[in-house]
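One structure below.
The values are calculated or read from the model by the stated rules, or taken from the named source; none is laboratory data. Note that this is a predicted model, so its numbers are computed, not measured. Don't worry about glycine lacking a Cβ; one is built from the backbone with ideal geometry, like all the others, and counts go over all protein chains shown.
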Ligand SMILES: Nc1ncnc2c1ncn2[C@@H]1O[C@H](COP(=O)(O)OP(=O)(O)OP(=O)(O)O)[C@@H](O)[C@H]1O
Ligand SMILES: [Mg+2]
């Protein structure tokens, strides 16, 4: 029997109001959200307002930006916080299994249904149902979910009895759901049912000011913190992290901090302790940093010099130079004509 990858049912919370900023007495709770950036501040204010309502919430954002965390936080700040918070990962289950997980089933509803099973939607009664990765739902389940949301009632698989449940729905996805609607992969009517309010979790590269706080937090609260009490990050290493683009967002930063807790030998994380892909980007951007503005150097002149440097670098090989410069070979020829140096490079570095 297939089992759910991520069925989380939080017991009624007694955590009380969450502290949303890292403070010296900050507690490690499941929804500790660390930030100091204005964009996150705005998002958390929205979360506070959303929490007071029963509106359906659709959280959008790249992978690893904290959508789960925001969903939990909305639940914990709402009047439903003493009731269950039930998570269903829509991508983790086959269609038939998902339906019976969500709505439950009666004894004998299908082969293997030896006993009645209460669905997670019913378990969430009075609380919050969080449908993670909602963009992965099949059309058949989309239709059933829509009916459930419209009527507030459901049937167990194989059941005849209408069951009334009161849940607050939160959904999340890192897909472009609007595009899925346009392409016919996601029902438009369901889309409008689930998206009364759409908070967006910003990518980490748009809130770099949060990085130092997150690093401090992950180094002191990470899963391997017992290995290195008080591990610190040097300013040079932090500077690299501040410039990196973080395609995997906060999760990538958290994984890095976890790894550094195990691998760093000293008490301070130095530049050399960071993985190469981070420092390489740094080295490249350092080489290209122009620190002083030269009033005698026009953009045209700068471009000309840079293009000629590219050609020198590849010993006159125009194909490789054009590739590295990110221009077509035709553009490169045109530029060389323009600079009056075409003949000089015509015979050099035949490719
Ligand atoms: N602001 C934050 N403060 C502390 N931890 C954070 C913050 N944002 C994210 N995290 C942590 O980063 C990890 C990824 O966050 P989360 O699982 O909420 O992302 P997600 O947007 O749901 O990602 P996915 O789309 O891949 O499911 C989690 O371990 C979470 O606790
Ligand atoms: Mg998630």
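Structure above, values below:
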read-out: Output for segment 142-168, where each listed residue is assigned to a loop (DSSP other than H, G, I, E, B) and free of Cβ contacts under 8 Å to residues at least 12 places away in the same chain; value: 160, 161, 162
read-out: Yes/no for residue 272 being farther than 30 Å from residue 55 by Cα and not in a helix (DSSP H, G or I); value: no
read-out: Only listed residue being touching a strand residue (DSSP E or B) at 6+ places or on another chain (Cβ under 7 Å) and either outside any helix (DSSP H, G or I) or within 30 Å of residue 245 (Cβ to Cβ) (or both), chosen from 171, 220; value: 171
read-out: Verdict on residue 287 being part of a loop (DSSP other than H, G, I, E, B), at pLDDT below 85 and away from ligand 1 (no atom under 15 Å from the Cβ); value: no
read-out: Which numbered condition residue 184 fails, given (1) assigned to a helix (DSSP H, G or I); (2) not assigned by TED's automatic domain parsing to the domain that holds residue 276; value: (1)
read-out: Those residues of segment 33-47 which are within 16 Å of ligand 2 (Cβ to nearest atom) and under 22 Å from residue 222 (Cα atoms), in sequence order; value: 33
read-out: Hits in segment 60-72 (condition: within 11 Å of the chain's Cα centre (by Cα) and more than 8 Å from ligand 1 (Cβ to nearest atom)); value: 60
read-out: Pairs with Cβ under 6 Å, 6+ apart, first in segment 63-81 and in contact (Cβ under 8 Å) with a residue 12 or more places away in the chain, second within 6 Å of ligand 1 (Cβ to nearest atom) and assigned to a helix (DSSP H, G or I); value: 64/250; 64/251; 66/250
read-out: Test: residue in segment 39-58 that is in contact (Cβ under 8 Å) with a residue 60 or more places away in the chain, within 8 Å of ligand 1 (Cβ to nearest atom) and under 17 Å from the mean Cα position of the chain (by Cα); value: yes
read-out: Qualifying residue in segment 204-216 (condition: in contact with a strand residue (DSSP E or B) (Cβ under 9 Å, 6 or more places away or on another chain), outside the structural domain of residue 99 (by TED's automatic domain parsing) and either in contact (Cβ under 8 Å) with a residue 60 or more places away in the chain or exposed (fewer than 12 other Cβ atoms within 10 Å of the Cβ) (or both)); value: yes
read-out: Residues that are within 14 Å of residue 67 (Cβ to Cβ) and at pLDDT below 95, drawn from segment 170-194; value: 174, 175, 177
read-out: Elements of type helices (runs of 4 or more DSSP H) in segment 48-141, at least 3 residues being away from ligand 2 (no atom under 16 Å from the Cβ); value: 95-103, 120-123
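Here is a yes/no grid of residues against (1) assigned to a helix (DSSP H, G or I); (2) touching a helix residue (DSSP H, G or I) at 6+ places or on another chain (Cβ under 6 Å):
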{"site": "211", "(1), (2)": "yes, yes"}
{"site": "216", "(1), (2)": "yes, no"}
{"site": "226", "(1), (2)": "yes, no"}
{"site": "242", "(1), (2)": "yes, yes"}
{"site": "254", "(1), (2)": "yes, yes"}
{"site": "266", "(1), (2)": "no, no"}
